[in-house]
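Working notes, structure below.
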Amino acid sequence: MRRCVFFILLLTGATWTAPSQASPILEDEAIRKMLSTRVDVQRQATGIVVGIIDSKGSHVVSYGTMGLGDARPVNGDTVFDIGSITKVFTALLLADMAQRGEVKIDDPAAKYLDKKKVKLPERGGKQITLVDLATHTSGLPLRPTNLVSKDPNDKYRGYTVDLMYECLSSFTLPRDIGSKYEYSNLGYGLLGHVLEKRMGRTYADLVESRITQPLEMKDTRIDLTPAMKSRMAAGYNNELRPIPTEWHFGALQSAGAFSSTANDLLKFLGAVLGYKQSPLLPAMKSMLDIRRPGGMQPSTQIALAWNVYVDGEQEVVWKNGSVGGYRSFIGFDSKAGMGVVALANAQTALGADDIGLHLLDEHIPVDLHIPKPHKEIVLCHEILDRYTGRYQFSPTDIMTVTREGNHLVGQLLDGQRFEMFAESEDDFFMKIADAQVTFESSGQGPAKVAIWHQGGRDQKGERIE
């Protein structure tokens with residue numbers, strides 16, 4: 001079943017569809033055209049690298065430069081922060097430990113923690129298990145409630161294990177454990193920490209010894225070598241302004257701290273697809289054995305870290321990453337024997353997710369349109385407060401709107417947050433994507449409806465709170 005997606009990740013504007021049975025050269029030219037549009041016209045990065053692997057081998061298609069002031073072209077060895085693709089390594093570590101009998105997938109997370117130092121939240125007599133954490137169904141929030149960093153470009157700086165314990169010990173779960181998908185960096189930080197405690201080794205050491213070293217992924221690390229730093233693409237925000245700081249994940253590094261290259265991630269996909277022999281293959285396959293409702297759009301299932309998107313008989317498994325200055329994508333179709341990596345050096349809403357998904361499923365569109373300009377105006381707080389609340393567009397698409405200072409902030413169920421800027425009293429636009437929202441209200445009271453405009457289509461969301 002295909003879902004109509006209007007929210008940030010997949011834009012439904014002008015689209016591009018691959019010619020049937022195109023030759024590899026034409027396919028690469030078409031991909032490069034998409035990348036040049038994203039870089040030169042839409043200005044959503046200075047450089048993007050796409051890697052493709054199938055039964056014939058792997059290769060890279062790239063376009064653009066390392067940065068606005070660095071004319072070196074990006075390539076398969078260019079280093080990018082990969083953000084939440086880190087979670088795939090964390091979940092694979094869990095699956096591998098389960099295969100070895102070192103843990104059980106449904107073990108309570110508290111089993112491996114010092115009960116004198118931390119008390120994990122429970123609900124209805126049920127404890128949070130390792131699989132709850134790995135499928136984002138633990139009930140824990142996107143971020144800890146006690147972050148200490150004031151830098152929006154480095155949210156987790158200074159976040160210690162003691163602070164994580166403090167947050168977990170005082171947190172009240174809002175719903176039954178395992179009952180609902182809610183994307184959680186805190187949950188994945190806890191998962192990596194539990195695996196550390198079980199093995200008595202650091203998270204980085206475990207991933208290196210069990211995953212990256214056996215797969216010869218020499219450019220996939222948390223602490224970059226000097227050689228990797230020399231090949232690191234500069235990072236930018238959605239307006240192509242430089243992100244001046246490196247992210248420091250502290251106790252939550254298992255949620256998003258790794259950097260990598262397209263060539264290294266293609267090695268990983270080669271093992272996942274069975275093109276490269278690896279003792280990790282049984283664990284890699286087992287990551288898809290457990291599935292729960294949820295995942296990022298357009299997926300409807302969440303496995304261990306992986307989103308699962310089903311289109312008829314086709315199944316696309318994928319994960320993306322978004323971290324200060326960068327966007328990343330990795331995905332595969334086991335039946336077709338194909339995998340795709342896409343890395344971009346700007347933290348935009350779209351990144352290259354649509355390109356990666358389109359290469360795996362041609363029915364998923366690629367956004368190639370040019371946004372029209374919008375002019376921001378300032379509205380008083382009383383008007384903005386009319387629009388705060390929750391709006392339901394479909395059973396699985398709910399947007400929560402809050403006010404932060406002089407503008408509105410929207411948040412989706414998967415944790416995506418985006419600022420909305422006024423261009424009239426009722427109309428708002430996003431800077432991170434070509435999408436707009438119109439609020440409808442009667443008189444001076446709260447808005448009753450939010451209409452999402454994107455890609456020439458409108459979707460109405462009724463106010464539910």
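The figures follow:
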item	result
The stretch 57-103 versus the stretch 168-207: alpha-carbon centroid distance in Å	22
Positive-pole candidate from F171, V74, A262, dipole of the chain, charges at beta carbon	F171
FRET efficiency, C380 to D176 (Cβ-Cβ, R0 25 Å, nearest 0.05)	0.05
Solvent exposure of the chain as accessible area per residue, Å², 1.4 Å probe	42
Calculated [θ] (222 nm, deg cm²/dmol) that DSSP helices of n ≥ 4 give over the chain, each run adding -39,500 (n - 2.57)	-6000 deg cm²/dmol
20 °C / 1.002 mPa s Stokes-Einstein diffusion coefficient of the chain, Kirkwood radius on C-alpha pairs, µm²/s	95
T396/S149 FRET efficiency (R0 35 Å; Cβ-Cβ; nearest 0.05)	0.65
D_trans [Stokes-Einstein, Kirkwood Rh over alpha-carbon pairs] for the stretch 37-106, 20 °C, 1.002 mPa s, µm² s⁻¹	142
Tensor-based shape of the stretch 15-143 (alpha-carbon gyration tensor, a/c under 1.5 rounded, otherwise prolate or oblate)	prolate
Rounded percent of accessible protein surface that carbon and sulfur make up, the chain, 1.4 Å probe	50
Which of N237, Y203, A227, positive extreme of dipole for the stretch 194-240 (C-beta unit charges)	Y203
Two-decimal ratio, the stretch 175-229, of alpha-carbon radius of gyration to 2.2 N^0.38 Å	1.48
Cα-centred dipole magnitude for the stretch 173-242, charges only on beta-carbon of K, R (+1) and D, E (-1), debye, nearest 20	60
Distance between the stretch 333-400 and the stretch 111-150 - C-alpha centres, whole angstrom	29
For q = 0.11, 0.14, 0.19 Å⁻¹, Debye-computed log10 I/I(0) when each Cα of the stretch 206-295 counts as one equal scatterer	-0.43, -0.68, -1.06
Rg/Rh ratio calculated on Cα atoms of the stretch 387-459 (Kirkwood radius)	0.92
Kirkwood Rh (inverse of mean 1/r, distinct Cα pairs), the stretch 265-394, angstrom	17.1
Gyration tensor (alpha-carbon) shape descriptor, the stretch 320-378, a/c threshold 1.5	oblate
Largest to smallest principal axis extent of the C-alpha atoms in the stretch 90-156, angstrom	41, 28, 23
Calculated Rg and Dmax of the stretch 150-300 using C-alpha coordinates, Å	17.5, 47
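The values are calculated or read from the model by the stated rules, or taken from the named source; none is laboratory data. A quick note: this is a predicted structure, and the numbers were derived from the prediction, not measured. Every residue, glycine as well, gets a Cβ built from its backbone with ideal geometry; the counts of neighbours run over all protein chains shown. Ligands, DNA and RNA are excluded from the accessible area calculation, which covers all protein heavy atoms including side chains. Shrake-Rupley method; radii C 1.70, N 1.55, O 1.52, S 1.80 Å.
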